[in-house]
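Down below is the structure, laid out as structure tokens.
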Amino acid sequence: MHEENIELAIKVVVVGNGGVGKSSMIQRYCKGIYTNDYKKTIGVDFMERQIEINGEDIRIMLWDTAGQEEFDAITKAYYRGAQACVLAFSTTDKNSFDALWDWKRKVENECGIIPMVIVQNKIDLISCAVVTQDEVKSTALKLGCHLIRTSVKEDINVVQVFRYLASQCFDVMNLKANNTLLDSNKQYNQIQRKRDKRIALHSPAYSCSLKQNMKVKKCVI
Ligand SMILES: Nc1nc2c(ncn2[C@@H]2O[C@H](COP(=O)(O)OP(=O)(O)OP(=O)(O)O)[C@@H](O)[C@H]2O)c(=O)[nH]1
Ligand SMILES: [Mg+2]
């Protein structure tokens with residue numbers, strides 16, 4: 001496969017209680033629009049946007065899930081295969097803040113440990129906040145997640161959320177690729193040692209073709 005044909009894509013699930021602004025955030029990010037209307041998501045929606053990280057084109061596939069509990073059984077199925085997650089809550093909704101633990105658990109049950117970010121949305125309404133910044137920071141710390149404060153309405157920090165997750169995924173991919181490279185090098189050294197024992201011959205051409213076979217292809221998702 002040629003390198004140009006390799007496409008990097010990241011599946012991101014956006015979870016959190018109903019009304020915290022998940023659909024608004026995705027719409028803002030993918031279409032650059034915002035509306036004051038609230039139409040609850042039924043089940044799951046999907047949108048995507050292409051960005052560039054470290055000179056690589058990355059397709060971010062965003063899965064917008066319903067926050068209402070009645071849809072839990074449906075949305076759960078869509079968590080599978082997600083490589084990153086937004087845990088969203090609203091500045092003006094205490095229940096949505098308390099529910100962060102549950103959302104994290106639900107996603108990890110399906111996906112294992114993946115990069116996650118806590119998003120405190122609606123910071124334009126900070127004067128009506130139902131949680132203090134210290135509470136939010138300490139919960140983020142306990143959950144082991146980076147925290148980003150957004151206002152989808154005023155277009156504050158939305159781009160940063162997905163850029164952060166994409167670069168986290170990028171690091172994970174590079175790590176995996178490096179591990180594969182390390183494994184290959186280990187295998188190569190083992191084979192080399194065995195062969196050295198059998199034939200005390202070090203033909204440069206032979207060694208070169210073996211290395212070629214061990215070359216690691218770029219990580220594809
Ligand atoms: N003030 C303010 N309102 C917001 C913001 N983001 C979203 N909203 C409003 O919050 C309401 C709910 O937004 P949605 O994006 O539909 O919420 P949701 O999380 O997708 O809700 P479900 O689909 O039910 O899970 C809408 O009326 C939005 O206009 C924000 O940053 N500030
Ligand atoms: Mg929605």
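Proximity of backbone amide H atoms, modeled 1.01 Å from N, is registered between ALA66 and GLY43 at under 5 Å, excluding neighbours fewer than 5 places apart on the same chain. Hey, for a label at GLU110 modelled as a point 7 Å past Cα toward Cβ, could you say which residues of the range 8-28 have their backbone N under 20 Å away? Flagged as within label range: 9-27.
Database remark: amide H of LEU8 closer than 5 angstrom to the amide H of ARG59 (H placed geometrically; neighbours at sequence offset of 5 or more, or on other chains; Pro and chain starts carry no H). Overall, the anisotropy analysis places the range 1-79 in the oblate class: the square-rooted eigenvalues a ≥ b ≥ c of its C-alpha gyration tensor yield a/c not less than 1.5, with a/b not exceeding b/c. Go through the range 1-79 and name the GluC sites (Glu not before Pro) that are in a DSSP coil and have 16 or fewer other Cβ atoms within 10 Å of their Cβ. Listed in order of number, the matching sites are GLU7.
Test of understanding: what is the full-extension gain from LYS31 to ILE126, defined as 0.36 nm times their sequence separation minus their Cα-Cα distance? Don't skip to the answer; put the middle values down first.
Values: separation 95, 0.36 × 95 = 34.20 nm, distance 2.55 nm.
Net length gain for the segment: 31.6 nm.
Arrange the peptides 148-158, 21-31 so that the one whose residues have, on average, the most other Cβ atoms within 10 Å appears first.
Ranked from most to least packed, the peptides come out as 21-31, 148-158.
When only Cα pairs under 8 Å and 6 or more residues apart are kept, what is the percent relative contact order across the range 44-126?
Working: 100 pairs, mean separation 22.1, N = 83.
Answer for the range 44-126 is 27 percent.
With θ taken as phi - 60° and the Karplus curve 6.51 cos²θ - 1.76 cosθ + 1.60 applied, the whole-hertz 3J(HN,Hα) list for the range 147-161 is 10, 10, 9, 10, 10, 5, 4, 9, 6, 9, 6, 5, 4, 4, 4 Hz, x standing for glycine and proline. Label positions at ASP102 and GLU70, each projected 7 Å from the Cα along the C-beta direction, are separated by 1.6 nm.
Set the Förster radius R0 to 25 Å, insert the Cβ-Cβ distance between GLN133 and GLU154 as r into 1/(1 + (r/R0)^6), and round the FRET efficiency to 0.05. Mind dumping the intermediate values first?
Values: r = 18 Å, r/R0 = 0.72.
Taking R0 as 25 Å, the efficiency between GLN133 and GLU154 is 0.90.
FYI, it's all coordinate maths here, none of it is from the lab. In this text the structure is predicted, and so the values were computed from the model without any measurement. Positions of Cβ are generated from backbone atoms using ideal geometry, with glycine treated the same way; all protein chains shown enter the neighbour counts.
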